[in-house]
1. Please get the size of the charge dipole for the chain, origin at its Cα centre, with Cβ charges of +1 on Lys and Arg and -1 on Asp and Glu, quoted in debye to the nearest 20.
2. Kirkwood Rh, Cα Rg: Rg to Rh for the chain?
3. Could you give the DSSP H helices of the chain that reach 24 angstrom or more along their long axis (alpha carbon positions) and whose average Kyte-Doolittle hydropathy is no lower than -1.0?
4. Hey, can you rank 63-71, 78-86, 29-37 by average C-beta count inside 10 Å, highest first?
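Computed from the coordinates by the stated procedures, all read-outs in this text should not be read as laboratory data. Note that the structure is predicted; figures quoted are calculated from it, not measured. Ideal geometry is used to build each Cβ from the backbone, glycine not excepted, and the neighbour counts take in all protein chains shown.
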Amino acid sequence: MQAVTDSYTPAPTRPGALALSYEWIAYGMLIALALALRIAELDSIPLTNREAAQALAAWRALHPALPGSVIVPESPLLFLLHGFGFSIFGGTEFAARLFT
């Protein structure tokens, strides 16, 4: 028969556990670099006509007193993302492109 004990013995550590954490650090650095490069150049190229029409629809929804007719957005999700960007960052090309 075997004796039953209530003591806890931790599981042995794996030799590959440290390599996995380095891998996750590398993934995080790669994602951070990609975000930095994307955000750095968002407002350097002007909006296209289609992007401007989508952004203007959201801008006019946030500011209904502006002159002009109501623009019906083509994409509800894009309309919400533009509105969210404009409400946080104001009416800039950066805000129009940040969440799209």
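1. Working: 5 positive and 7 negative charges, 22 e Å.
Value, rounded to 20: 100 debye.
2. Looking at the chain, the ratio lands at 1.43.
3. Span-like helices, by this rule, are 17-40.
4. Details: 63-71: 8.2, 78-86: 18.9, 29-37: 9.8.
Peptide ranking by packing, descending: 78-86, 29-37, 63-71.
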